[in-house]
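Q: Let me give you the structure first, and then I'll get to my questions.
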Amino acid sequence: MMADLKFAFRMLAKAPGFAATAILTLAIGIGANTAIFSVVNAVLLKPLPFPNAEELVALGSVDAREHLVDLKSVSFPDFRDFREQAHSFQALAVHRSLNLALTGSGEAQNLRGHEVSGEFFDVLGVKPALGRGFTRAEEVAGGGPNGLTTVLSYGFWMRHFKGDRTAVGQTVILNGQPHTIVGVMPKGFSFPIDNDPVDAYITVAADSASADGGKPQNEQRGNHTYQVTGRLKPGVSVDGAAAELRTIAAALEKQYPDSNTNFSVRVLPLRREMVGDLASALYILFGAVGCVLLIACANVANLLLARATVRGKEIAVRTALGASRARIIRQLLVESIVLSAIGGALGLVVAAWGTDVLVSLIPQNIPRISEIKLDAWVLAFTFAISVATGIFFGLAPALQASRQDLRSSLNESGRSVVSGGRHRLRSGLVISEVALALILLTGAGLLLQSFQRLASVNPGMQTDRLLTAFVALPDAGYPKSENILQFFDQLLPRLRAIPGVRSACTIVPLPLSGSDMVTTFDKEEQPKPEGQQANAAVRAVSTEYFQTQGVPLLRGRVFDETDRPGSKQVIIVNQSFADKFYPGENPIGKRIRPGMSTGPDEKGPMREIVGVVGNVKFRSLRQEPAPEMYAPLAQLPLPWASILIRTNTSSPSALTSAMRAELAKVDPNVPLVRVRLYDEYVARALARPRFNALLLSVFAGVALLLTAIGIYGVMAYSVAQRRQEIGIRMALGAQRSNVLYLIVRSGMQLTAVGVVFGIIAALVLTRLLETLLYGVRPFDPPTLGGVALLLGLIAFLACWLPASRASRANPITALREG
């Protein structure tokens, strides 16, 4: 083996041009695969960083009426029943993200918080590095005997307390209430696993009390606002746990028909729930870059076939001296693997650069981005793919080269003889390259069209020169609706008075932010029993919202200062709501009762429809607008809101400091968070489609380049082998155009066959892209036709260049050299 390795290096050193071309081609293919695998490994394959992570599951609600599955939507009473009645789990816990205002130590700071139930850390199997976690006794109003408690993240503990171990036992003011620090989580612990780490964890105790006399959130069975994570008992399957929970849910539906009718439960492995629909996109990209590697292998295999012809006499001599066919094959395979190993080593350099580029391009809402790196698993993958690639592209040429006719090979005049089998293999490789390139180009074309159409979608609102921010009011300082309303009544006029501000308003929740609120409602003229009512999204907005956001008024009026708590209860609906629930009717003056209230009456008051506004792409740019209801903030005051400011300036962000100053004048203990241009939300909505289209386009471009090089190489080699034939034809009177036609026709025939096979494969494989497309179908004749035409043009150029050279050759020189 050592002798084979030394000989392989010597032979590569004697052909530096061949070696450099092959190594660079392989480096591109292997490097691209390694870079994509680093993403797939971190996001999809790597186990979650928790003990026995395969036991962790996520569960959530299934709404049979709307065919919705939302694993971030469970009510606390339902969770409590699941926790008490289910026997498939070691433990269950609810949790949800929230903003925490840290006050009492200078300027108010916003912390990313997570509200959890008592067994949360037990479910994850992680104990605090200092102190303790929570207990179920701390879920009650006021936090139980120990009062309100908090567990800090390691990062926040280091930043705020400089790693002081005596921090445990100290008190911090969170959302206006004192919380005792009972623990600090270990370094590296993160849940949820995303790019914005949690600073502090608190219990659901705050949801167990109500300052306005209404039912606490923890008692509202119709309030589906929690996520649930569970740890299965050993030996219990996901399907078994789901079956048990569905049985419990069916019983709850009978017991609580008002809130639980049509609701069931779904269970998924936690890692699968975290990844969501991202898995299919990443696997498609991984498959695409695999096609690039196959094209690179085909190119190198063609180079090896050409080199085998040059080395035909050497191989014949070795065979004549007693070398067996297996010995010849082994030597040639060793050379292929050496080439691939060097290409793999260089590919790691390409992958290191490519991984950094990928991380910069990946949408920021993809989990575990920080874990994308060239770790041991990625290095092992690179090693394995390098060896496999060396064998893959080297085996066929080695088998062909070892099958020699000694007499013709040893005869000097036989140096230009090429076997029909070798010619067919080279042609087959070119056809495969063209087919693979067409598949990638078609996929890239579809995704580019999809992205362009998505980017041109009218969101139903004006997004330019719009600044957004978020405020969350602590329950301790704003216990009642009138306190909340008073805060916004003071803040909004101050914001509107800032120089450069045209208008200011609030909305809950913000369009395209990823948040949503959905509730049931009843029509006055057609009331339905509880549990059978229709659903619609609900928004709480202040006056000037529709003007600020640029949402057109289609009928009726918008909210004004007369829509106050003591006046007539009103509501505005969008066009989708009117079309679905009042088809062919004028909804103005109709009355509906949305099942949402901030007071003691959970059902909420009957509200009169006073206006119809245009549809807004609220949930995403891809989805059709859903029915929506808008209630005035003054009649539905919520203790949190997004602020929207329409500016006259081309730099809206410059107003941030003025906004903070005005907020501090109203309440210095309320931090202003998530200050950003609204265009950033639009950009985030387009981030994944842009990433998919960009990456597949890059791979398709590389595939097209490699295919062109492959066709050019085959045609150039074919011309070199046929120099004598071409010389004879020209000596007998063949014109230059005849020679051009002869050579180009040969290459274009291979291209045509490759295009046909590529189209057939594309018709099947592009169906995998269906969930990633918008406004374009997987079978798109213009895209297929355009891609085929582009490939044909590139192939024509790749054939024409060597053909043009051959047609200009001197016949006498060609005959002499032949």
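The values are calculated or read from the model by the stated rules, or taken from the named source; none is laboratory data. Owing to the predicted nature of the structure, the values given are computational and were not obtained by experimental measurement. FYI the Cβ positions are ideal-geometry reconstructions off the backbone, even for glycines, and counts take in every protein chain you see. Note: accessible area is taken over every heavy atom of the protein model, side chains too, but ligands, DNA and RNA are not part of it. Shrake-Rupley method; radii C 1.70, N 1.55, O 1.52, S 1.80 Å.
Q: Between Ser657 and Ser237, what is the label-point separation in nm under the 7 Å Cα-to-beta-carbon projection?
A: Reported label-point gap for Ser237 and Ser657 is 6.3 nm.
Q: OK, next. Considering the zone a paramagnetic label at Ala53 would reach in this model (a point 7 Å from Cα along the Cα-to-Cβ line), which residues of region 181-206 have amide N under 17 Å from it?
A: 186-198
Q: Nearest 0.05, what FRET efficiency do Arg330 and Ala141 give at R0 = 60 Å with Cβ-Cβ as r?
A: 0.20
Q: Okay, moving on. So, with a 1.4 angstrom probe, what is the percent of accessible area on region 742-810 that is carbon and sulfur?
A: Ligands and nucleic acids excluded, carbon and sulfur reach 73 percent.
Q: Suppose only helical runs count, i.e. DSSP H with n ≥ 4. What mean residue ellipticity at 222 nm does that imply for the chain under -39500 (n - 2.57) per run, divided by all residues and rounded to the nearest 500 deg cm²/dmol?
A: So the calculated ellipticity at 222 nm is -16000 deg cm²/dmol.
Q: A further question follows. From the backbone phi of region 175-187, what are the Karplus-calculated ³J(HN,Hα) couplings (6.51 cos²θ - 1.76 cosθ + 1.60, θ = phi - 60°) in whole Hz, Gly and Pro given as x?
A: Going residue by residue, I get 6, x, 10, x, 10, 7, 6, 10, x, 10, 6, x, 4 Hz, with x marking Gly and Pro.
Q: Please check which bits of region 696-720 a label hung off Leu801 would reach, taking the label as a point 7 Å along Cα-to-C-beta and the cut-off as backbone N under 16 Å.
A: Once the point is set 7 Å along Cα→Cβ of Leu801, 702-720 turn out to lie under 16 Å by backbone N, inside region 696-720.
Q: Say R0 is 60 Å: what FRET efficiency, to the nearest 0.05, do Met517 and Ala345 get from their beta-carbon distance?
A: Efficiency at R0 = 60 Å is approximately 0.65.
Q: At 0.36 nm per residue, and after removing the present C-alpha to C-alpha distance, how many nm does the segment from Asn483 to Ser737 gain when stretched out fully?
A: 82.5 nm
Q: Let me ask you something else. Which value, in debye to the nearest 20, describes the size of the charge dipole of the chain about its Cα centre when Lys and Arg Cβ atoms bear +1, Asp and Glu Cβ atoms bear -1, and nothing else is charged?
A: That gives a dipole near 4260 debye.
Q: Taking a spot 7 Å from the Cα of Gln623 along the direction of its beta carbon, which residues of region 513-539 have an amide N less than 18 Å from it?
A: Output list for this probe position: 513-521, 534-539.
Q: So how much accessible area does His423 have, in Å² to the nearest 10, using a 1.4 Å probe?
A: Rounded to the nearest 10, the figure is 110 Å².
Q: Now, a different point. Taking 0.36 nm per residue of separation and subtracting the Cα-Cα distance, what length does fully extending Arg424 through Glu608 add?
A: 58.5 nm
Q: So how compact is the chain: Cα radius of gyration and Dmax in angstrom?
A: 34.1, 107
Q: Follow-up question, since we're still on this one. Could you please state how large a percent of the accessible area of region 656-737 is carbon and sulfur, counting protein chains only and using a 1.4 Å probe?
A: Reported share for carbon and sulfur atoms: 59 percent.
Q: Moving on. How far is helix 481-496 tilted, in degrees, relative to the longest principal axis of the Cα atoms in the chain, given as a value from 0 to 90 rounded to the nearest 10?
A: That works out to roughly 60 degrees.
Q: In nm, to one decimal, how far is the modelled label at Ser456 from the one at Ala250, with both set 7 Å along Cα→Cβ?
A: A separation of 5.1 nm, rounded to one decimal place.
Q: Separate question: Over the chain, give the accessible area per residue in Å² for a 1.4 Å probe, as an integer.
A: Values: 35360 Å² over 818 residues.
Ligands and nucleic acids excluded, the figure is 43 Å² per residue.
Q: Can you compute the FRET efficiency between Gln109 and His87 using 1/(1 + (r/R0)^6), with r the Cβ-Cβ distance and R0 = 30 Å? Round to the nearest 0.05.
A: On the way: r = 43 Å, r/R0 = 1.45.
Once the sixth-power term is evaluated, E becomes 0.10.
Q: Considering only protein heavy atoms and a 1.4 Å probe, what is the carbon-and-sulfur percentage of the accessible area of region 490-570?
A: 50 percent
Q: Where does helix 678-721 land angle-wise versus the long Cα axis of the chain, in degrees 0 to 90, nearest 10?
A: Between helix and principal axis, roughly 10 degrees.
Q: How much accessible area does Asp475 have with a 1.4 Å probe, in Å² rounded to the nearest 10?
A: 80 Å²
Q: Determine the order of Asp522, Asp4, Asp560 by accessible area, beginning with the largest, at a probe radius of 1.4 Å.
A: Asp560, Asp522, Asp4
Q: Between Glu219 and Met158, what is the spin-label point distance in nm, taking each point 7 Å from the Cα along the Cα→C-beta axis?
A: Here the answer is 4.4 nm between the modelled labels.
Q: Between the helical axis of 76-85 and the dominant principal axis of the chain, each derived from Cα atoms, what acute angle in degrees is found, rounded to the nearest 10?
A: The angle comes out near 70 degrees.
Q: Counting only other residues whose beta carbon sits under 11 Å from that of Asp196, what net charge do I get with K and R as +1, D and E as -1?
A: Values: positive: Arg112, Arg674; negative: Asp194, Asp199.
Spelling it out: positives minus negatives among the neighbours equals 0.
Q: With a 1.4 Å probe and all protein chains kept in place, how much accessible area does Lys568 have, in Å² rounded to the nearest 10?
A: 120 Å²
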